[in-house]
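Each remark here refers to the structure printed beneath this line.
The values are calculated or read from the model by the stated rules, or taken from the named source; none is laboratory data. Being a predicted model, the structure only gives us computed values, none of them experimental. Every residue, glycine as well, gets a Cβ built from its backbone with ideal geometry; the counts of neighbours run over all protein chains shown.
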Amino acid sequence: MLFADDERSLQELMKLELPRLGHRVTVCPDGLTAVAALEKTTYDCIIVDLDMPGKDGIGVIAHCKEHSPETEAVVLTGKSSMDTAIAALRHGAFDYLTKPCKLIEIQALLKRVAEKRQLTQKCRALTHQVRRLVGKPRLIGDTPSMRKVRLLIEKVAPTNSTVMILGETGTGKELVAQALHDLSDRAENPFVAINCGALPETLIESELFGHRKGAFTGADDHRVGLFEVAHGGTIFLDEIGELPKAMQAKLLRVLESGEIRRVGENKSTTVDVRVVCATHRDLPEMVANEEFREDLMYRINTFEIHLPPLRERIEDIPDLARYLLSRHRRGGQAELAEDAIESLRGHIWPGNVRELANVIEHATILCDSGPIRREHLPQHFDSRQLQGAARNRRGAVSLRDLEMEAIHDALERTDGNKPQAAEQLGISLKTLYNKLNQATNLEQSA
């Protein structure tokens with residue numbers, strides 16, 4: 001917080017007593033010094049004297065609200081008139097205190113400020129979740145591999161340990177992260193999910209940690225970062241292997257210190273966040289290739305949960321398909337004909353559960369209100385199934401070959417349109433480009 005008053009004795013008192021009450025404080029002797037401090041740092045709360053040399057308290061509050069609207073302001077004044085209080089409130093003050101005031105009054109007021117900020121953060125987090133989700137998906141499947149996943153979730157959820165979720169794209173890593181949050185002591189607080197691979201490299205620091213107004217070109221307003229939005233809850237960093245090297249160092253500092261620093265500020269803000277990460281990439285290989293920091297890998301890899309690909313739990317496909325169908329039909333009957341189930345069981349599923357969801361949505365559109373049959377599945381489906389049977393006859397092939405065949409099929413269906421192909425495959429456009437580049441490099445080195 002920031003405290004501004006021209007009385008020397010009061011300055012010394014606040015420097016001594018506010019830290020004892022658990023508050024980090026910047027003390028300023030006048031309004032102009034306070035404005036200069038506000039230019040460098042965003043504060044949760046400011047307490048300013050109404051009458052100060054250089055710039056009065058009302059002017060300091062106006063400047064603060066222009067640059068950081070979420071900062072709460074309190075006026076400290078020796079004038080106990082109602083006109084003074086009203087003027088302060090009209091200029092955005094949260095409350096006012098009349099001199100001489102007791103420390104217990106300041107502490108009570110700061111507690112109310114903290115409670116209001118917590119409510120604001122929870123509201124923002126709930127809004128963030130509502131925009132992302134329409135009904136909360138759940139983990140489906142009763143194969144031994146999925147029972148093991150559930151057991152691991154139950155074991156680690158009550159702790160604050162950092163969790164790494166490993167698995168191919170589309171296996172449902174975010175659902176595991178959500179389950180970890182729901183079974184933890186943080187369940188009543190925010191769950192915030194971020195796809196690191198989908199954030200522009202130039203904006204990722206601002207998205208994660210926030211920025212102050214004017215910190216860079218285009219920063220027209222103060223922005224609260226997603227780590228602050230998740231305060232008290234869980235933050236899920238999906239595709240952490242796509243995080244740029246420079247950001248890896250900053251994330252490591254946050255994980256070790258529990259403090260973030262908004263872009264354009266000098267002071268840090270403490271956050272209480274449980275971190276869950278996920279990736280489909282081989283982090284040890286990335287470390288060996290100097291693409292990922294070794295110290296960060298060990299920091300985020302306290303506890304691992306491996307999600308099996310869909311092709312390794314074929315028995316779960318009928319239940320998964322019926323569940324996905326019920327979500328589309330919203331209370332209607334979820335029927336799958338036997339020939340459709342047979343085709344679903346025989347598919348390769350390079351896109352895993354995400355691909356299955358796309359297939360079910362496609363079939364739901366075609367079948368109207370009746371049961372889904374084989375003819376309602378996508379046109380390429382049977383040909384892909386026959387290719388899978390041919391592979392089984394000629395022997396095992398590598399996962400990389402399966403992925404590239406699925407990618408080439410998608411590009412062929414979309415006439416080379418990469419964004420559409422990525423959407424059909426259930427992967428990000430960045431992941432598609434990475435896989436194509438890897439294939440090109442392998443061909444050149446062969």
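From R322, R274, R262, grab the single residue that is farther than 30 Å from R400 by Cβ, at pLDDT 95 or above and not assigned by TED's automatic domain parsing to the domain that holds E361.
Answer to the check: R274.
Looking at (1) under 26 Å from D44 (Cβ atoms); (2) more than 13 Å from the chain's Cα centre (by Cα); (3) of a type outside the set (F, W, Y); (4) not in a helix (DSSP H, G or I), find the lone condition where I235 falls short.
With (1) under 26 Å from D44 (Cβ atoms); (2) more than 13 Å from the chain's Cα centre (by Cα); (3) of a type outside the set (F, W, Y); (4) not in a helix (DSSP H, G or I) applied to I235, the lone miss is (2).
Can you tell me which residue among G214, G218, G170 is farther than 17 Å from C277 by Cα and either touching a helix residue (DSSP H, G or I) at 6+ places or on another chain (Cβ under 8 Å) or part of a strand (DSSP E or B) (or both)?
Matching residue, one of G214, G218, G170: G214.
Could you tell me which numbered condition A187 fails, if it satisfies all but one of (1) farther than 21 Å from I165 by Cβ; (2) exposed (fewer than 15 other Cβ atoms within 10 Å of the Cβ)?
Only one criterion in (1) farther than 21 Å from I165 by Cβ; (2) exposed (fewer than 15 other Cβ atoms within 10 Å of the Cβ) is unmet by A187, namely (1).
What's the total number of residues in segment 408-420 that are of a type in the set (A, V, I, L, M, F, W, C) and under 21 Å from D238 (Cβ atoms)?
Here the count works out to 0.
Give G197, G172, G214, G233 a once-over and let me know the one that is closer than 30 Å to L356 by Cβ, assigned by TED's automatic domain parsing to the domain that holds D282 and modelled with pLDDT under 90.
Going through G197, G172, G214, G233 in turn, the sole match is G197.
Out of all the residues in segment 180-209, which are within 12 Å of V263 (Cβ to Cβ) and within 13 Å of the chain's Cα centre (by Cα)?
Listed by number, the residues that qualify are I204, E205, S206, E207, L208, F209.
Would a scan of segment 296-308 turn up a residue that is in a helix (DSSP H, G or I) and closer than 30 Å to L344 by Cβ?
No, because not a single residue in segment 296-308 is in a helix (DSSP H, G or I) and closer than 30 Å to L344 by Cβ.
So D6 fits all but one of (1) touching an Asp or Glu at 6+ places or on another chain (Cβ under 7 Å); (2) within 21 Å of H222 (Cα to Cα); what number is the exception?
(2)
Matching residues to (1) more than 21 Å from N266 (Cβ to Cβ); (2) in contact (Cβ under 8 Å) with a residue 24 or more places away in the chain:
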{"residue": "R8", "(1), (2)": "yes, no"}
{"residue": "L16", "(1), (2)": "yes, no"}
{"residue": "R20", "(1), (2)": "yes, no"}
{"residue": "H23", "(1), (2)": "no, yes"}
{"residue": "G31", "(1), (2)": "no, yes"}
{"residue": "A37", "(1), (2)": "no, yes"}
{"residue": "T41", "(1), (2)": "no, yes"}
{"residue": "D44", "(1), (2)": "no, yes"}
{"residue": "P53", "(1), (2)": "yes, yes"}
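What pairs come out if I take residues in segment 96-124 that are without any contact (Cβ under 8 Å) to a residue 24 or more places away in the chain and pair them with residues that are surrounded by fewer than 17 Cβ atoms within 10 Å (Cβ to Cβ) whose C-beta lies under 6 Å away, six or more apart or interchain?
T98/S80; K99/G78
Mind listing whichever residues of segment 347-380 are farther than 15 Å from D319 by Cβ, among the small types (G, A, S) and at pLDDT 85 or above?
Listed by number, the residues that qualify are G351, A363.
Specify the residue that is surrounded by the fewest Cβ atoms within 10 Å (Cβ to Cβ); the eligible residues are those in segment 190-227 that are among the β-branched types (V, I, T) and touching a Leu at 6+ places or on another chain (Cβ under 7 Å).
Filtering first and then ranking leaves I194.
For segment 83-115, name all the residues that are among the charged types (D, E, K, R), touching a strand residue (DSSP E or B) at 6+ places or on another chain (Cβ under 8 Å) and farther than 21 Å from C64 by Cα.
K99, E105
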